[in-house]
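First up is the structure itself, then whatever we jot down about it.
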């Protein structure tokens, strides 16, 4: 990412596809929300290249169904499923403690524009699932990742991060909840977190890379399971006529997760008009997302709310 220069940025070829992924035999990838949409496509393509894939799902049966779908297509696929509910930090802790080895964590799972709800620990649902859950998961797995091969944390954000701001005075949404604004807030938090993670890992001499991706406008379950009423109807229409398939939307995060030329601090998204569709390329986040004071404040608040501290020193 040009805001965090680490030499010449890697650029993705315009026609890059999942077929161009390198051989991933011997490497372990964790993909959150792997039972559908972008997560499922990511798991399927990583498995196709020989990776051991830990597919997480909030619902065990849905996770098992996803594994069955992949193995029906690829009988030799090395994929397993484990339960992970990012709306419950106890579930996050249970999952993280079960992981003995991992090379790459893909923070893919998320929720989009639901009615006002709270997580088990009392956080606004979108901020909790999209930011605080991955924040804790990454913190708990960072020491495992340090021991991995080409270790990376891939944070999946959205084009809508560019409309976001962090409502520090009302993070739980009790004062003035707007589902679209709070979704944009959570996606901006993803970008701010990933860039700050990159800076902290680098300053501590860690070999773990922090990379960002966004899928452009892609057809997934997010548009149908979160929104309600008029918003849901509008998204149904626009998704049908304007969105690309999930398999295309997953390409930027696949590139971020496994392409050997990726550098920490970079972000990848579609190469089409307004980054809505296309093959992966190097893209740039909202300028405000690079604000280091904002990053420190968000990091401190996230640690305070969750009680989680990162261990970043060394490899």
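The values are calculated or read from the model by the stated rules, or taken from the named source; none is laboratory data. Predicted model, so just to flag it, every value in this text is computed and none were measured. When we count neighbours, we look across all protein chains shown, and the Cβ atoms used for this are built from the backbone with ideal geometry, even at glycine.
A few remarks follow.
- Per-region count, the stretch 35-48, residues assigned to a helix (DSSP H, G or I) and either surrounded by fewer than 21 Cβ atoms within 10 Å (Cβ to Cβ) or without any contact (Cβ under 8 Å) to a residue 24 or more places away in the chain (or both): 1
Per-residue answers, yes or no, for (1) farther than 22 Å from residue 303 by Cβ; (2) without any contact (Cβ under 8 Å) to a residue 24 or more places away in the chain:
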{"residue": "119", "(1), (2)": "no, no"}
{"residue": "126", "(1), (2)": "no, no"}
{"residue": "130", "(1), (2)": "no, no"}
{"residue": "160", "(1), (2)": "yes, no"}
{"residue": "166", "(1), (2)": "no, no"}
{"residue": "178", "(1), (2)": "yes, yes"}
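- All positions within the stretch 192-212 that are over 16 Å from the mean Cα position of the chain (by Cα) and in a helix (DSSP H, G or I): 199, 200, 201, 202, 203
- Odd one out for residue 215, checked against (1) modelled with pLDDT of 95 or more; (2) farther than 13 Å from residue 124 by Cα; (3) not in a loop (DSSP other than H, G, I, E, B): (3)
- Selection of the stretch 162-191 for residues being over 13 Å from the mean Cα position of the chain (by Cα), closer than 20 Å to residue 265 by Cβ and buried (at least 24 other Cβ atoms within 10 Å of the Cβ) yields only 164.
Per-residue answers, yes or no, for (1) buried (at least 23 other Cβ atoms within 10 Å of the Cβ); (2) under 23 Å from residue 19 (Cα atoms); (3) modelled with pLDDT under 95:
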| residue | (1), (2), (3) |
| --- | --- |
| 50 | no, yes, no |
| 53 | yes, yes, no |
| 58 | no, no, no |
| 62 | no, no, no |
| 65 | no, no, no |
| 69 | no, yes, no |
| 78 | no, yes, no |
| 81 | yes, no, no |
| 88 | no, no, no |
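- Filtered residue count, the stretch 292-315, keeping only those that are part of a loop (DSSP other than H, G, I, E, B) and either touching a residue at least 40 places away in the same chain (Cβ under 8 Å) or in contact with a helix residue (DSSP H, G or I) (Cβ under 6 Å, 6 or more places away or on another chain) (or both): 8
- Unique match (being surrounded by fewer than 18 Cβ atoms within 10 Å (Cβ to Cβ), under 26 Å from residue 91 (Cα atoms) and out of contact with any strand residue (DSSP E or B) (no Cβ under 7 Å at 6 or more places or on another chain)) among 272, 307: 307
- Residue 153 vs. criteria more than 26 Å from residue 260 (Cβ to Cβ), in contact (Cβ under 8 Å) with a residue 24 or more places away in the chain and either assigned to a loop (DSSP other than H, G, I, E, B) or touching a helix residue (DSSP H, G or I) at 6+ places or on another chain (Cβ under 8 Å) (or both): no
- Test: residue in the stretch 128-146 that is closer than 17 Å to residue 32 by Cβ, modelled with pLDDT of 95 or more and part of a loop (DSSP other than H, G, I, E, B): no
- For beta carbons closer than 7 Å, sequence separation of 6+ or different chains, a first residue in the stretch 245-269 that is on the phi > 0 side of the Ramachandran plot and a second that is surrounded by 24 or more Cβ atoms within 10 Å (Cβ to Cβ) and assigned to a loop (DSSP other than H, G, I, E, B), the qualifying pairs are 265/1.
- Residues being under 15 Å from the mean Cα position of the chain (by Cα) and outside any strand (DSSP E or B) - total across the stretch 265-280: 2
- Checked against the criterion of being part of a loop (DSSP other than H, G, I, E, B), within 22 Å of residue 146 (Cα to Cα) and under 18 Å from the mean Cα position of the chain (by Cα), the candidates 102, 109, 87, 96 yield just one match: 102.
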